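The values are calculated or read from the model by the stated rules, or taken from the named source; none is laboratory data. Here the structure is a predicted model, which is why all the values come from computation and not from measurement. A quick note on method: Cβ atoms are made from the backbone with ideal geometry, for glycine too, and the neighbour counts reach across all protein chains shown. Surface areas here come from the heavy atoms of the whole protein model, side chains and all, with no ligands, DNA or RNA. Shrake-Rupley method; radii C 1.70, N 1.55, O 1.52, S 1.80 Å.
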Amino acid sequence: MSSAVTPSASRQQIRQQIRQQRRTLTDEQQRHFATQLLQQCQQAETLGNAQHIALYLANDGELDTQPVIDWLWQQGKSVYLPVLHPFSKGHLLFLHYTAETRMTLNKYQIREPQLDIRLVKPAHQLDVICTPLVAFDASGQRLGMGGGYYDRTLSNWHRHQQGPRPVGLAHDCQQVDSLPSQAWDVPLPEIITPSRHFRW
Ligand SMILES: Nc1nc2c(c(=O)[nH]1)N(C=O)[C@@H](CNc1ccc(C(=O)N[C@@H](CCC(=O)O)C(=O)O)cc1)CN2
Ligand SMILES: Nc1ncnc2c1ncn2[C@@H]1O[C@H](COP(=O)(O)OP(=O)(O)OP(=O)(O)O)[C@@H](O)[C@H]1O
């Protein structure tokens, strides 16, 4: 990476480059990777031992999580999705998600459950939060879309190693050698890709 770029500029460049790369995956590749992800997840103890699991719905070339969600539902697990907090900027709420949940589009055009207070699950009551990411490196550092949403959600895990365990989900092509990190970045203890299960 050019030394002329500031750390934040290079993060922005990595974001653009990897987002571009994952958007070029064909529908067939996406389906294949989603099936492989399901197989990896079915062997992951972290998910097997969890009852309350937050996931996300794929957007912008992200790894499709629907097969994993269907499997978790079949297993009788409770699944939650992130919803942009209506007042608290940069924060997420997690809402219970079933096949009947009424959905809407948020300001980023990502599908999310319609806000209904009765469906909100306080984040500390979740067992696992599967996090989307744009890029990750060989030490589990993650770079997201740039809103700081998951950094904020996971800051408690970072400080005290308690609360829901974060598990990153990503395409293999989202791995980079090393990411320029910031103080608030939360390194992930696990990342699952279609071909590998990284643990640090
Ligand atoms: N599937 C999915 N859901 C998610 C996330 C995610 O990364 N993936 N998030 C993870 O944090 C949160 C949403 N964060 C986002 C942050 C920025 C942009 C985005 O597209 N920004 C535009 C410009 C901003 C705008 O349009 O206002 C861009 O970068 O082009 C999208 C989502 C919550 N839900
Ligand atoms: N724990 C935190 N508390 C307060 N502000 C934070 C926290 N974490 C991140 N931020 C702010 O959020 C902004 C975006 O952070 P960053 O670029 O690291 O997001 P990201 O990791 O790419 O996004 P995301 O976590 O949503 O996937 C930064 O400007 C930072 O100041």
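The rows are residues; the columns are (1) over 17 Å from the mean Cα position of the chain (by Cα); (2) aromatic (Phe, Trp, Tyr); (3) more than 22 Å from residue 177 (Cα to Cα).
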| residue | (1), (2), (3) |
| --- | --- |
| 12 | yes, no, no |
| 21 | yes, no, no |
| 25 | yes, no, no |
| 28 | yes, no, yes |
| 31 | yes, no, yes |
| 40 | no, no, yes |
| 45 | yes, no, yes |
| 48 | yes, no, yes |
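Of all residues in region 12-40, those that are surrounded by 12 or more Cβ atoms within 10 Å (Cβ to Cβ) and not in a helix (DSSP H, G or I) total 1. For region 133-144, the criterion of being of a type in the set (Lys, Arg) and open to solvent by 30 Å² or more (accessible area, probe 1.4 Å) is met by no residue. Within region 41-57, does at least one residue satisfy the condition of being open to solvent by less than 30 Å² (accessible area, probe 1.4 Å) and more than 21 Å from residue 126 (Cβ to Cβ)? So far as region 41-57 goes, no, none of its residues is open to solvent by less than 30 Å² (accessible area, probe 1.4 Å) and more than 21 Å from residue 126 (Cβ to Cβ). For beta carbons closer than 8 Å, sequence separation of 6+ or different chains, a first residue in region 76-99 that is without any contact (Cβ under 8 Å) to a residue 12 or more places away in the chain and a second that is hydrophobic (A, V, I, L, M, F, W, C) and within 13 Å of ligand 1 (Cβ to nearest atom), the qualifying pairs are 85/92; 85/93. When residue 158 is tested against (1) within 23 Å of residue 34 (Cα to Cα); (2) at pLDDT below 95; (3) not small (Gly, Ala, Ser), only condition (1) is not met.
Applying the criterion of at least 2 residues that are among the β-branched types (Val, Ile, Thr) and in contact with a helix residue (DSSP H, G or I) (Cβ under 7 Å, 6 or more places away or on another chain) to the strands (runs of 3 or more DSSP E) found wholly in region 91-158 leaves 128-131.
One residue stands out among those in region 94-121 that are open to solvent by less than 50 Å² (accessible area, probe 1.4 Å) and away from ligand 1 (no atom under 16 Å from the Cβ): the one that is nearest to the chain's Cα centre (by Cα), which is 98.
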